[in-house]
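Written out below as structure tokens is the structure these notes cover.
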Amino acid sequence: MLTIRNYVDGELVEPIGGAYLDNVDPATGRVYSRVPDSGADDIDRAVDAARRRFDAWSHTPVAERARVMLEIANLLEADVDRFAEAESVDNGKPVKLARSLDIPRAVENMRFFATAMVHFHGESHATDGMAINYTLRQPRGVAGAISPWNLPLYLLTWKIAPALATGNTVVAKPSEVTPMTAYLFCELCQRAALPPGVLNIVHGSGPRAGAPLVVHPHVPTITFTGGTATGAEIARTAAPMFKKISLELGGKNPNIVFADADLDRAIAGSLRGAFANQGQICLCGSRLFVERSVHDEFVERFVAGARALKVGDPQDANSDQGAVVSKSHLEKIRYYVDLAGQEGGTIRCGGRSPEVVNDRCKDGFFIEPTVITGLGVDCRVNREEIFGPVVSIIPFDDERQVIDFANGTDYGLSASLWTRDISRAHRVAARIDAGTVWVNCWLLRDLRVPFGGTKSSGVGREGGEEALRFFTEPKNVCIHIPGDDIDDRG
Ligand code: NAD
């Protein structure tokens, strides 16, 4: 059985305490590897390595930092099949999704930030002929990066790439539920000759490895993606220490279909938005609002589309849906499906674990795409994040009402709307509380744009220059220009 190791100071090492956690393949329910159960001493060792290397890395020419990062991207791209297979086994997602989305996006993350940094700029302000102010944007030191299990390598690289490009060194703590591709990634860093200590990856649980990273006095920057409750705990720890934090948290995203929409496109896009990655994407549209005049037709066609999705062995190239990530997560999803019944909803399809699949997967964690109707907007199923292949469809009567519905949760991550009326698209987009609004599309990503949430979906923005700014500290330098007739100003 494969034993995953930590990556500290350029070496793959055992956790100091010698303890390991089981790593389960969700498609089979079987333990298939061991992941370090690291603790505070492992974090200390990694932070020490990152601190020692900070001066050299932050003074390494940008072009050289970019060169190493591009080399890692090239190695990853050349190895896409192996990484996609590993991601699929570790997470339960269909291998074709890992092959088309997760790993290519991880490559893109590395490339995008390696090259973005080459074009990054500071600001300068000429002050009435008497001074020039210019702003240095300097790396902040050791960045702590904590990432979740749903898009393991995609979200890990989304954090470490801008941190490294800007000259920070990094200690990353991937999800203990899906550690495998982070581990394989370390081997690529070694092959690309990334200097030791620039990137360190420590595996382990949130409480034992994540919390010591957050509280570490020599880690002034924390970038976190995960659940809202964990984000709140991190904020409680980090705020009195005056750390800079970025929190990308949960969502309960509205997906709004107006009667004038191109229904074919709206249905196809909404199916993808509801069920991609078994519904385990923070941006999934789990509340589907459909204008009343097309509601019944929409529901019928949407349910048919959900039924047509093939739940199967993630390794099978024909599977549209794989396993959800763990037994406990499957139980959570089932709990909400049961709750939907108690709250008066009708399960239009799904809700059960399918007969699946094949002998290999008979003990895996599968659940059919599930469509619920008949629930009120304020019930728990429509307010709480389920994070599985479960969507609730709700009719609405007009624009004003659906904006209220859409904004009626604690979350504010993303929204989609489907309409042919361009004026309405602008109007509604401006009024929705969310960090991203997609019009006639879903998950169409441009890495240059700001990405993040409002309300309980998080604090701060990632993406493009927002990320480069986050990982740097602006310092203003004011140069007085001596002149004969100008007083100093306070
Ligand atoms: P989680 O909060 O349980 O865990 C995320 C990471 O935090 C893991 O690495 C975990 O080990 C670590 N962690 C847990 N407790 C910690 C603590 N006390 N201190 C420090 N680290 C700790 O989340 P998850 O279940 O892995 O991921 C699912 C959640 O992530 C969902 O809520 C989803 O919406 C959210 N998510 C958000 C985005 C986004 O961009 N907004 C993207 C993906 C996932």
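Determine, yes or no, whether ALA211 is farther than 21 Å from SER326 by Cβ, out of contact with any Lys or Arg (no Cβ under 6 Å at 6 or more places or on another chain) and modelled with pLDDT of 95 or more. Judged against the criteria, ALA211 is not a match. Each residue in the stretch 22-55 was checked for being within 18 Å of GLY92 (Cα to Cα) and either touching a residue at least 60 places away in the same chain (Cβ under 8 Å) or among the charged types (D, E, K, R) (or both), and 12 pass.
Every residue, every condition in (1) touching a Ser or Thr at 6+ places or on another chain (Cβ under 8 Å); (2) under 20 Å from ASP41 (Cβ atoms), yes or no:
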site	(1), (2)
ALA161	no, no
GLY167	yes, no
ALA172	yes, yes
GLU187	no, no
SER205	no, yes
PRO212	no, yes
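The residues in the stretch 270-284 that are touching a strand residue (DSSP E or B) at 6+ places or on another chain (Cβ under 7 Å) and on the phi > 0 side of the Ramachandran plot can be counted, and the count is 2.
Screening the candidates ILE234, ILE222, ILE267 for the property of being among the β-branched types (Val, Ile, Thr), in contact with a strand residue (DSSP E or B) (Cβ under 9 Å, 6 or more places away or on another chain) and assigned to a strand (DSSP E or B) yields one hit, ILE222.
Counting only strands (runs of 3 or more DSSP E) that fall entirely inside the stretch 43-150 and contain at least 3 residues that are buried (at least 23 other Cβ atoms within 10 Å of the Cβ), the qualifying elements are 142-146.
Can you say whether ASN168 is over 16 Å from ASN109 (Cα atoms) and either away from the ligand (no atom under 14 Å from the Cβ) or in contact with a strand residue (DSSP E or B) (Cβ under 8 Å, 6 or more places away or on another chain) (or both), as far as the supplied structure shows? Spelling it out, ASN168 is indeed over 16 Å from ASN109 (Cα atoms) and either away from the ligand (no atom under 14 Å from the Cβ) or in contact with a strand residue (DSSP E or B) (Cβ under 8 Å, 6 or more places away or on another chain) (or both). Scanning the stretch 1-55 for residues that are hydrophobic (A, V, I, L, M, F, W, C) and touching a Cys at 6+ places or on another chain (Cβ under 7 Å) yields a count of 2.
Here's the yes/no breakdown for (1) touching a helix residue (DSSP H, G or I) at 6+ places or on another chain (Cβ under 7 Å); (2) open to solvent by 10 Å² or more (accessible area, probe 1.4 Å); (3) of a type outside the set (D, E, K, R):
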| position | (1), (2), (3) |
| --- | --- |
| GLY210 | no, no, yes |
| THR223 | yes, no, yes |
| LEU247 | yes, no, yes |
| ASP264 | no, yes, no |
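The values are calculated or read from the model by the stated rules, or taken from the named source; none is laboratory data. Please read all numbers here as calculations on a predicted model, not as lab measurements. Note: ideal-geometry Cβ built from the backbone for every residue, glycine included; neighbour counts use all protein chains shown. To get the accessible areas, we keep the full protein, side chains included, count just its heavy atoms, and leave off ligands, DNA and RNA. Shrake-Rupley method; radii C 1.70, N 1.55, O 1.52, S 1.80 Å.
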